[in-house]
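Report on the following structure.
The values are calculated or read from the model by the stated rules, or taken from the named source; none is laboratory data. Computed from a prediction, not measured in an experiment: that's the story for all the values here. No Cβ is skipped: glycine too gets one built from the backbone with ideal geometry, and neighbour counts run over all protein chains shown. For the accessible areas, the whole protein counts, side chains as well, though only heavy atoms, and no ligand, DNA or RNA atoms are used. Shrake-Rupley method; radii C 1.70, N 1.55, O 1.52, S 1.80 Å.
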Amino acid sequence: MSPQEMPGTAVTVGASRAVRTAVPEAPGRRAAHPYQVEAVPPPRGPNAVPTPAPAAVGPRVRIYKQDPSVQDPGVRVIFMPSVVLNGPLDARVATELAGTTPVARNTQGDLLFEPGSAEFDCAHTFAVVRETLTMYERLNGGTPIPFAWNTGGTADRITVFPRAGVGANAFYSRTAKALKFLFFNPAETGAEQVFTCRSTDIVAHECGHAILDGLKPGWLAAGNPPQTGGLHEAFGDLTAIFFALSQPDQAEALVAATKADLHAKSFLASMAEEFGTALGLQFGLRNADNDLKLSEVGNEVHAISQVFTGGVYDVLADVYAFEGDRQRMAKSPGLILIEVAGRLCKLLFDAVVAAPATGAIYADVVNKMLQISMEQGDPAIYRTFLRNRFAVREVVVSPVPLSDLTSGRMNMTDADYTGNGKGEDVTSVRVADENSASLHAAQDRSTCCGTMQLPEFRVIDVDTLAKRGSLTDEDILATELEMLGRAFGGSGGRRP
């Protein structure tokens, strides 16, 4: 526990030292904030040995590290190493909540608010969105990732609405250039109101949609195969998983809770627990550690997405078990998990960037992951994990029988294992079922998150969305406006 988190203490921070002092508490109850951070003037007189000035400038922000229902790691303070203004606002993200924003930083430039307050919701949601975007930009070599409307030199921000309205949903909108999080009262009498913005899983998931729309602007169109829609939903869920594992305290809490077994029940695989409980679901909104196959999900995009999410989660668990055995004498289980997750997230990110601009299917991304993994010199067993897990889920065809995997005889510690005894390392696998409904049927988005339900992503055609750029209401209504133009004696067009 850091000094700032220790009950009954205050930390006094100066240019070169920190002093811990007692904080009085009211009789019979603990102070609402058991820690205070106060500035200390620099020492008087000349300093013979200069001390280096911190390179990073930014605020500390109090956030939910996981979900409001997850007690460990619970609410903690993070440091954001970038310039953040009152709002919160920075160069990429703005925050809007009527009657609350702009939220002001304290005298030290920090955003430390009481959980449950409107100010906390603004600061928390902003921080998770900004840190999620930063995670992917680091994977992108530090190069900024444009939002879908950032074309021709425009640098318009995305605006975060922590309490956008009443409803059991959240969504990303390119038209509004926004992420909107709703709140609702559960059906159960007496249950507390649920604010979707407080779930780090939900915020990271919706931010994942915005980031992927910037990378692959054509993928959100309903005119794509169901698997393309599944990739978008899966990317959102996997964003939440990889965001959690990018943070040392979450990785350590997970390792301790599961004894380093990623297939044990945990907050990592369960997505948006509080939201799911409010809807009467046992494992949150979705369970990433699932066994779904394509033949079991039809063309419903949310269900289809769980097949891909589950495949990547299995690969994560496989690689972690392999590296945990290989590096157990050199590194802690938590550090190994952080490194494995970061490497797999980077592999997925690069594969998505290399995948087709429209109509991408699961096999496209899996094959890109195999090829990139080979090029960067990963152990051959990484690619065996990829082929095996997606073959079991009926996404691709394994080049060799899966008897070693299904019988439990697979050697999980052999870095060169390929499953066929010949050392052949296949980097291109074919689709398991060319007639799958997930490839040919119309997308069923009936149970998807709010993003996939929006008219802009249901009616605007693939080619228009793929062109990037801002969208307007007239883009959404273009087909009807053209029909009206013809009906009213014109040659068609948006304005009759």
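The loop-placed trypsin sites (Lys or Arg not before Pro) in the stretch 435-496, going by DSSP, that have at most 14 neighbouring Cβ atoms within 10 Å of their Cβ come out as LYS467. Think of the stretch 331-441 as having a plus end and a minus end, set by charges on the Cβ of Lys, Arg, Asp and Glu; of VAL366, PRO401, ASN411, ASN411 sits farthest toward the positive end of this dipole.
A Förster radius of 45 Å combined with the Cβ-Cβ distance from THR107 to ALA48 puts the calculated FRET efficiency at roughly 0.90. Sequentially through the stretch 364-379, phi angles give Karplus couplings (6.51, -1.76, 1.60; θ = phi - 60°) of 4, 6, 4, 5, 5, 5, 4, 5, 5, 4, 5, 4, 8, x, 5, x Hz, Gly and Pro residues having no value and appearing as x. I want to verify the translational diffusion coefficient of the stretch 105-246 in µm²/s; compute it with Stokes-Einstein, Rh as the Kirkwood radius over Cα pairs, at 10 °C and 1.306 mPa s. It comes out at roughly 98 µm²/s.
Ignoring ligands, DNA and RNA, what percent of the accessible area of the chain is carbon or sulfur (1.4 Å)? Walk me through the numbers before you get to the answer.
Details: 11660 of 21870 Å².
Using a 1.4 Å probe with all protein chains present, the chain comes out at 53 percent carbon and sulfur.
Neighbours of GLY276, meaning other residues whose beta-carbon lies under 12 angstrom from its beta-carbon, give a summed charge of -3 when Lys and Arg score +1 and Asp and Glu score -1.
With protein chains left intact and a 1.4 Å probe, residues in the stretch 252-347 average 41 Å² of accessible area per residue.
Remark: the stretch 143-148, residue by residue, has Karplus-estimated 3J(HN,Hα) of 7, x, 9, x, 6, 4 Hz, where x stands for each Gly or Pro and the curve is 6.51 cos²θ - 1.76 cosθ + 1.60 at θ = phi - 60°. Computed over neighbours whose Cβ is under 15 Å from that of PHE184, the net charge equals -1, Lys and Arg +1, Asp and Glu -1. Calculate, for ASP461 and VAL57, the FRET efficiency according to 1/(1 + (r/R0)^6) with r their C-beta to C-beta distance and R0 41 Å; round to the nearest 0.05. Working from the Cβ atoms, E equals 0.40. Heavy atoms of the protein chains alone define the surface here; on that basis the stretch 400-468 has 56 Å² accessible area per residue at 1.4 Å probe size. Rounded to the nearest 0.05, the FRET efficiency derived from the C-beta distance between LYS259 and MET483 at R0 = 56 Å is 0.35.
With all protein chains kept in place, the per residue accessible area of the stretch 112-222 amounts to 32 square angstrom at a probe of 1.4 angstrom.
The label point for GLU375 and the one for HIS440, both projected 7 Å from the Cα toward the Cβ, are 3.3 nm apart. Helical content alone sets the calculated 222 nm signal of the chain at -11500 deg cm²/dmol, taking -39,500 (n - 2.57) per DSSP H segment of four or more residues and averaging over every residue.
Which entries in the list LYS265/LYS368; LYS177/LYS216; LYS216/LYS259; LYS65/LYS331; LYS293/LYS467; LYS65/LYS180 go over 27 Å, if you measure between the two C-alpha atoms of each?
Listed pairs above 27 Å: LYS265/LYS368; LYS216/LYS259; LYS293/LYS467.
Computed from label points 7 Å out along Cα-Cβ, the spacing between ALA330 and GLU192 is 4.4 nm. Hydrodynamic estimate: the Kirkwood radius of the stretch 82-130 over Cα pairs, inserted into Stokes-Einstein at 10 °C and 1.306 mPa s, corresponds to D of 149 µm²/s.
Phi angles of the stretch 469-482 translate, via the Karplus equation with coefficients 6.51, -1.76, 1.60 and θ = phi - 60°, into HN-Hα couplings of x, 5, 10, 10, 4, 5, 5, 5, 9, 4, 4, 5, 5, 5 Hz per residue; Gly and Pro are given as x.
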